[in-house]
Amino acid sequence: MTRIFVSQEIVEEALAELDGSGIEVDVRRDHRPLPSEELRATAADYDGLVCLLTDRVDAGFLAACPRLKVVSNVAVGFDNIDVAAATRAGVVVTNTPRVLTEATADLAFALLLAAARRIPEGDAFLRAGRYTHWRVNQEQMGVDVFGATLGLFGLGQIGRAVARRARGFEMTVLYHDVVRLPPETEAALGVTYASFEELLARSDFVSVHAPLLDSTRHRFDAHAFARMRRSAMLINTARGPLVDEAALAAALRDGVIAGAGIDVYEGEPAVHPDLLTLQERVVLLPHLGSATRTTRLEMSRLALRCARDTLLGKRPEVVVNPEVFDRR
Ligand code: GLV
């Protein structure tokens, strides 16, 4: 019998994707990750693993689970998986792009607006009974988003979706990516290429939309913050380790940059203690990027379909390491 193990709770309705497939599925209905040793011991009895970004799949894990043919991550980012090791082991890796693009772009924009207009501070102020009268020099004076310059670090699907939103705010949109787009695509998206240094120097808001790779780890460090405008704000909905969190906290504390809207952390779920003490113009969320009901359902469904199709001998609709198929 072909078997799939779902390592943690997913959106339950999505399991219908396996109906009639003849595949047996075991769902661990718990929202906490399994310790790696236990995950390894359990997954060893399965052909497919549907896992979350909090599950680590490395070479040791794959060696302990020789029966596995597919690892299907319920996330677009797959830095929790050693893809090279999976490819060597002939294991297909899949992720959930596209279905979460708009929700994540919405959240990036929400963070940008929340930090710029100091929304959580205003909310806390009112709830504390401190709103006694309207005044011109209001306590939560913010900065303009409309017409400002937005710098996108990474212009994949999510970066482009943020660029589309920025158009409605008549923002100037700069981007930096490893590949520069053809001029017609840049014109259609309304974006202008900038070197990393130029992006830092010119942007009122810098929003991070790149994957976590060796080349992007700590790309936003003390050196980068020193090159940003003192009035600038950093938005990160990508992966925590792209930002040196201690350096970010220091830059915010020392007024090197003005604010931040952060959804992802270096040692998630831990947050650098210095960041937690900063409240002015600093908005911190618990990794909510794709957290809408419809999006999480679509992510769960896509991950299950990819595992199902791989195990039925078909090429899944998304695959991170197509080399595995090319080699067959
Ligand atoms: C969430 O962070 C994802 O990568 O989908």
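The values are calculated or read from the model by the stated rules, or taken from the named source; none is laboratory data. As the structure is a prediction and not an experimental result, all values here were calculated from the model. Glycine also receives a Cβ, built like all others from the backbone with ideal geometry; neighbour counts cover every protein chain displayed. Quick note on the areas: whole protein, heavy atoms, side chains included, nothing else; ligands and nucleic acids left out. Shrake-Rupley method; radii C 1.70, N 1.55, O 1.52, S 1.80 Å.
Heavy-atom accessible area, probed at 1.4 angstrom with all protein chains present, ranks LEU49, LEU15 as LEU15, LEU49, highest first.
Mind putting a number on the dipole of the chain about its Cα centre? Charges go on the C-beta only, +1 for Lys and Arg and -1 for Asp and Glu, and I need it in Debye to the nearest 20. Display every interim value, and only then the final one.
On the way: 38 positive and 44 negative charges, 89 e Å.
The calculated dipole for the chain is roughly 420 debye.
Within region 37-73, which trypsin sites (Lys or Arg not before Pro) sit in a loop by DSSP and count at most 16 neighbouring Cβ atoms inside 10 Å? Walk me through the numbers before you get to the answer.
Numbers: sites: ARG40, ARG56, ARG67, LYS69; in loops: ARG56, ARG67, LYS69.
Hits after loop and neighbour filter: ARG56, ARG67.
The separation of region 61-83 from region 258-276, counted between C-alpha centres, amounts to 27 Å. Largest mean-square fluctuation among ARG28, ARG202, ARG135, in a Gaussian network model of the chain whose springs join Cα atoms under 10 Å apart, belongs to ARG135.
Largest GNM mean-square fluctuation across GLU317, GLU139, GLU102, computed for the chain with C-alpha springs under 10 Å, falls on GLU139.
Summing -39500 (n - 2.57) over the DSSP H runs of n ≥ 4 in the chain and dividing by its residue number, what mean residue ellipticity at 222 nm do you reach, to the nearest 500 deg cm²/dmol?
On the way: 13 runs with 114 residues, N = 328.
Per the formula, -9500 deg cm²/dmol.
In order along region 45-58, the phi-based Karplus estimate (6.51 cos²θ - 1.76 cosθ + 1.60, θ = phi - 60°) of 3J(HN,Hα) comes to 8, 10, 8, x, 10, 9, 10, 10, 5, 8, 9, 9, 10, 10 Hz; Gly and Pro are listed as x.
Taking only protein heavy atoms into account and a 1.4 Å probe, give the accessible area per residue of the chain in Å². Provide the component values of the computation, followed by the final result.
Details: 15340 Å² over 328 residues.
Dividing the accessible area of the chain by its residue count gives 47 Å².
Here the alpha carbons of region 104-212 define both size measures, Rg and Dmax, at 16.3, 54 Å. Across all Cα pairs in region 101-284, the calculated P(r) in 5 Å bins from zero up to the longest distance comes to 1, 8, 17, 22, 21, 15, 8, 5, 2, 1, 0 percent per bin. Here is the tail figure for the chain: Cα pairs spaced more than 31 Å apart come to 38 percent of all pairs. Ranking of THR2, THR277, THR237 by solvent-accessible surface, largest first: THR277, THR2, THR237 (1.4 Å probe, protein heavy atoms only, all chains present).
Given a 1.4 Å probe and the protein chains as shown, GLU197 ends up with an accessible area of around 90 Å².
Given their separation in residues at 0.36 nm each and the Cα-Cα distance between them, ALA41 and ARG315 gain 95.9 nm when the chain is fully extended. 3J(HN,Hα) couplings calculated from phi for region 222-236 with the Karplus curve 6.51 cos²θ - 1.76 cosθ + 1.60 (θ = phi - 60°) are, in sequence order, 4, 5, 5, 4, 5, 8, 7, 5, 5, 8, 7, 10, 10, 10, 10 Hz; Gly and Pro show x.
In whole percent, how big is the carbon plus sulfur part of the accessible area of the chain, probe 1.4 Å, protein atoms only? Mind showing how you got there, number by number?
On the way: 8060 of 15340 Å².
That fraction is 53 percent.
Here's how it looks for ALA260: its modeled amide H is under 5 Å from those of LEU234, VAL282, VAL283, which are all 5 or more places away or on a different chain. At the residue level, TYR193 shows approximately 60 square angstrom of accessible surface with a 1.4 angstrom probe and all protein chains present. Rolling a 1.4 Å probe across all protein chains gives MET1 an accessible area of roughly 150 Å².
Only Lys, Arg, Asp and Glu count, each charged at its Cβ (+1, +1, -1, -1), so figure out the dipole size of region 101-284 about its Cα centre, rounded to 20 debye. All intermediate terms of the calculation are to be shown ahead of the outcome.
Values: 19 positive and 23 negative charges, 88 e Å.
Dipole size: approximately 420 debye.
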